[in-house]
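Shown next, in structure tokens, is the structure this report addresses.
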Amino acid sequence: MTWEIGPGVGVGPLRFGMARVELHRRLGRYSAFRRGYSSGLTDQFPDHGLLMLTCDAAGLWMVEVAEPEQVTYRGVPLAGPALDVVEHLRAIGVDPQPDEETWTFADGAVALWVPDSDVDGVTVFAPGYYGGELERFAAGTSSSPPQWSHTVVPGQGIGLVSLGESRDAVRAKLHGGSCWDLPAGCREPVEDTFWEDGLVVRYEAGERVERIFVTKADSVDFAGVQVMPAIFNVVRNTLRESGHPITDGELVLAIEGTGVELWLANTQTEWELPVSAVVIAVSGGGA
């Protein structure tokens, strides 16, 4: 059985915007993981050729097919040698464009992953989740080395970066990084990634800091508890024993009333996994 790709609509019976719980009901067993500092989760469905579906609060927005023989576009199979697939697409008036290890078409809504000569996977995006150019920006005026130790102050930030601070002020004191120049109507959040500082900073519409992600650090302290680096289950127990009320979620725990969350990257296994990010927002803001 193959599924036809409908740009802006979905893939086969999977429709963009479908609720995650509905996808679970239809497709059965899955394992969840988090991509970097993404607040949405990706589910992998082993009974469907390692199909991967990514959802956010608005529902399904990305479909990844690791076995491209499962999908077609306007009747054209997308498996096999990439140049053959491209030739067949061009024969029906579709013009895929190369970009490093991918070929994209349908205005960027569909991407063929081509690390070698064959198509190894197909990714389909919902409207508003693709496009834009990656931009790099220079370091600020500070000559100090990156700061790798932070103390979390709920409702305020980490000292180095404060909630409500302007984007210009943040960039002025950190060490440069990258961001996406998003097209009009894009639903992706506005944020800067500061690679040397181990931080991602997200901004609201007025370009004021609304969320801080600590993705790498020598030490992150919350109320005397080191929450990064830390083993997720261990620090969870430590926080509870220290009297901090915890709300457990899927791959996340929230320290109640603080706006602080600790994230886990992958579904728990028999191995103890580390905290993947410390997230600071206004209390009750969630991620």
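Every number here is computed from the coordinates shown, using simple stated rules; none is lab data. Everything numeric in this text was worked out from a predicted model, so none of it was measured. We place every Cβ from the backbone using ideal geometry, glycine too, and count neighbours over all the protein chains shown.
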Hey, with R₀ at 30 Å, roughly what FRET efficiency would R187 and Q97 work out to, going by the Cβ-Cβ distance, to 0.05?
0.85
Which distance in Å, rounded to a whole number, links the C-alpha centroids of the stretch 59-118 and the stretch 1-25?
17
Run the simple label-point estimate for R35 and E241 please: 7 Å along Cα→C-beta, distance reported in nm.
3.8
Within 15 Å, Cβ to Cβ, of V209, how many net charges do the neighbouring residues add up to if Lys/Arg are +1 and Asp/Glu are -1?
-2
Protection proxy ranking of 206-213, 238-245 - average other beta-carbon atoms within 10 Å, highest first:
206-213, 238-245
Once the Cα gyration tensor of the stretch 131-287 is diagonalised, semi-axes √(5λ) in Å:
27, 17, 15
Can you pull out the chymotrypsin sites (Phe, Trp or Tyr not before Pro) in the stretch 123-187 that DSSP calls coil and that have at most 16 other Cβ atoms within 10 Å?
W148
With a bin width of 10 angstrom, please list the P(r) values of the stretch 1-159 as percents of all Cα-Cα pairs, from the 0 bin to the one holding the largest distance.
9, 33, 28, 16, 10, 3
Signed unit charges on C-beta, dipole axis of the chain, positive-most listed residue M18, L89, G198:
M18
Once you have the Kirkwood Rh of the stretch 67-189 from its Cα pairs, apply Stokes-Einstein at 20 °C and 1.002 mPa s and quote D in µm²/s.
120
Quick one: dipole size for the chain, taken about the Cα centre, charges +1 on Lys/Arg Cβ and -1 on Asp/Glu Cβ, in debye to the nearest 20.
820
Express the C-alpha Rg of the chain as a ratio against the empirical globular expectation 2.2 N^0.38 Å, rounded to two decimals.
1.11
Apply the Karplus parameterisation 6.51 cos²θ - 1.76 cosθ + 1.60, with θ equal to phi minus 60°, to every residue of the stretch 125-135 and state each ³J(HN,Hα) to the nearest whole Hz, in sequence, with x for glycine and proline.
10, 6, x, x, 10, 8, x, x, 10, 6, 10
